[in-house]
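Notes follow once the structure below has been shown.
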């Protein structure tokens, strides 16, 4: 139990009277914005950090285990040695080996050679093997694939331990939590219901507090008006009212304001062609086992296509092939016209740790950043993503994981694009920022390719899902994650062979081999040169018709003109689609001729 916890790190107080009570067998999730102090409070509860003041009480004999966001395996020769180090005298050593096996590890791995996901599985095995009375888990699903997340949910549901969870994975919290503690403004608020009830309760609380602040501000305005009009003449007999005014001001100063929200907007470029990606019979192997075997897909403008599968299945490889960054061993791929692609990489490798936050956004060129075709001061743009002005000169390496996630979003979304490629975009983002990212993607006019293990995010964003089926087989399903599960009739584990009852929703069957092309005719060569200009002109016409039809009063003022413009727009879009088809077919033939 924690009571009246206070903590300051040299600046504004982080915790100001926070409390946390955990009963035997309780399932509790701790939620709040990035930087609100969730991980700090969890460490204090686990006895790993001392607050400035407050009370911590633990029942004598109660055992606890803590899972850090970044587990440290240094100093151990093997993964098994690390896991067994978490066992107490009398614990079953076979439990460590069994958990490692279930998590896909032998135990003989060297810790220094483990990936982020493997290190996380080792750390989970260590805290679970001891079967403690209380488990403190800080972002336990980070770096885990869907198979591991599904297994972990089942394992934690069977545990008798009390759970205190921090996670950005909504589905994970909804499945496991029965109590929610909200950390905001340095204090905690408790809801004796699971996370699935939290957001509606939070919105109600914020609305009530907003009304209370408005009423308080109104009272202060009335008192200030009275003060300016006649306090001098009535000074002696109105000292009590003056003191009341000061008390109101003090109350307002002490009120914690509702945290700001990230403002996510995209800088969209010219409209891409209707056909964004065409892939037929692509295959890729590294060694003997194929990662991708004879896969075909057609991605149209406006699609939001998600790739899912276990770590190591080849999701990033397939993503790189589909976007032209990697050539397949077999098959062919063609990208559409007028594509402007922006990528958010999984490892945040494109961020330079030594570069300041502002230079990362401006490219080191002054203090202005171009957003949506307009120049904005970098400080103003930083505020949209909840960065403080004094952080402008902060090195990227000093930012937290959540701050780096917001920074890479800020930089990527400022660039013109009509194709967003997102490799694990949800890593380290808090729930509110995830909401805004989902809303932004829903309103994005371009095309989105994404890799994610966040099931709720996939359900809200994806229009189709490409799922790994094992042995290099990938199949596309319409809808999000839950739709994919319904169509497969099972979870995310691979099938030994693809079922005949499950078909690709957008393209059925494997591509048949094409006869080799001989040469291009004069007309075909001429068309390859002239069609791009025709495509560009039609796209400009379409944009013009869209602008005219966007007039909200046009239909009421002149319905005949409105209908004529709508018909013209439809015919122009059909013509554009036909020309793009023609250009794509000729480009494919040209590559086959040159390849031969």
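Yes or no: residue 586 assigned to a helix (DSSP H, G or I) and under 36 Å from the mean Cα position of the chain (by Cα)? Step through it out loud before you land on a result.
On the way: assigned to a helix (DSSP H, G or I): yes; under 36 Å from the mean Cα position of the chain (by Cα): no.
It is false that residue 586 is assigned to a helix (DSSP H, G or I) and under 36 Å from the mean Cα position of the chain (by Cα).
Each row is one residue, and each column tells you yes or no for (1) surrounded by 15 or more Cβ atoms within 10 Å (Cβ to Cβ); (2) touching a helix residue (DSSP H, G or I) at 6+ places or on another chain (Cβ under 6 Å); (3) assigned by TED's automatic domain parsing to the domain that holds residue 107.
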{"residue": "19", "(1), (2), (3)": "yes, no, yes"}
{"residue": "23", "(1), (2), (3)": "no, no, yes"}
{"residue": "27", "(1), (2), (3)": "yes, yes, yes"}
{"residue": "41", "(1), (2), (3)": "yes, no, yes"}
{"residue": "49", "(1), (2), (3)": "no, yes, yes"}
{"residue": "66", "(1), (2), (3)": "yes, no, yes"}
{"residue": "71", "(1), (2), (3)": "yes, yes, yes"}
{"residue": "86", "(1), (2), (3)": "yes, yes, yes"}
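Can you tell me which residue among 413, 361 is touching a residue at least 60 places away in the same chain (Cβ under 8 Å) and buried (at least 17 other Cβ atoms within 10 Å of the Cβ)?
Just one listed residue meets the conditions, 413.
Select from segment 88-105 the residues that are within 31 Å of the chain's Cα centre (by Cα) and loosely packed, with under 14 Cβ neighbours inside 10 Å and list them in ascending order.
Correct list: 101 only.
Does residue 577 satisfy the criteria of being touching a strand residue (DSSP E or B) at 6+ places or on another chain (Cβ under 9 Å), under 25 Å from residue 275 (Cα atoms), surrounded by 11 or more Cβ atoms within 10 Å (Cβ to Cβ) and not assigned by TED's automatic domain parsing to the domain that holds residue 445?
Considered against the rule, which asks whether it is touching a strand residue (DSSP E or B) at 6+ places or on another chain (Cβ under 9 Å), under 25 Å from residue 275 (Cα atoms), surrounded by 11 or more Cβ atoms within 10 Å (Cβ to Cβ) and not assigned by TED's automatic domain parsing to the domain that holds residue 445, residue 577 comes out as yes.
Given the criterion assigned by TED's automatic domain parsing to the domain that holds residue 357 and modelled with pLDDT of 85 or more, identify the matching residue among 393, 455, 460.
It is 393.
If you take just the strands (runs of 3 or more DSSP E) that sit entirely in segment 295-389, which of them hold at least 3 residues that are under 20 Å from the mean Cα position of the chain (by Cα)?
By residue number, 304-308, 341-344.
When the residues of segment 484-524 are filtered to those that are modelled with pLDDT of 80 or more and farther than 26 Å from residue 281 by Cβ, which remaining residue is surrounded by the fewest Cβ atoms within 10 Å (Cβ to Cβ)?
486
Here is a list: 322, 291, 326, 335. Which entry is outside the structural domain of residue 394 (by TED's automatic domain parsing), touching a helix residue (DSSP H, G or I) at 6+ places or on another chain (Cβ under 6 Å) and closer than 20 Å to residue 419 by Cβ?
Result of the check over 322, 291, 326, 335: 326.
What's the number of the only condition in (1) closer than 22 Å to residue 148 by Cα; (2) loosely packed, with under 14 Cβ neighbours inside 10 Å that residue 61 fails to meet?
(1)
May I ask you to list the residues in segment 390-402 that are outside any loop (DSSP other than H, G, I, E, B) and within 17 Å of residue 434 (Cα to Cα)?
401, 402
Restrict the check to segment 108-124 and report whether at least one residue is surrounded by 20 or more Cβ atoms within 10 Å (Cβ to Cβ), in contact (Cβ under 8 Å) with a residue 40 or more places away in the chain, within 30 Å of residue 60 (Cβ to Cβ) and touching a strand residue (DSSP E or B) at 6+ places or on another chain (Cβ under 7 Å).
yes
Out of (1) in a loop (DSSP other than H, G, I, E, B); (2) closer than 25 Å to residue 298 by Cα, the odd one out for residue 428 is which?
(2)
The values are calculated or read from the model by the stated rules, or taken from the named source; none is laboratory data. Model, not experiment: these values are computed from the prediction. All Cβ positions, even for glycine, are placed from backbone atoms using ideal geometry, and neighbour counts span all protein chains on display.
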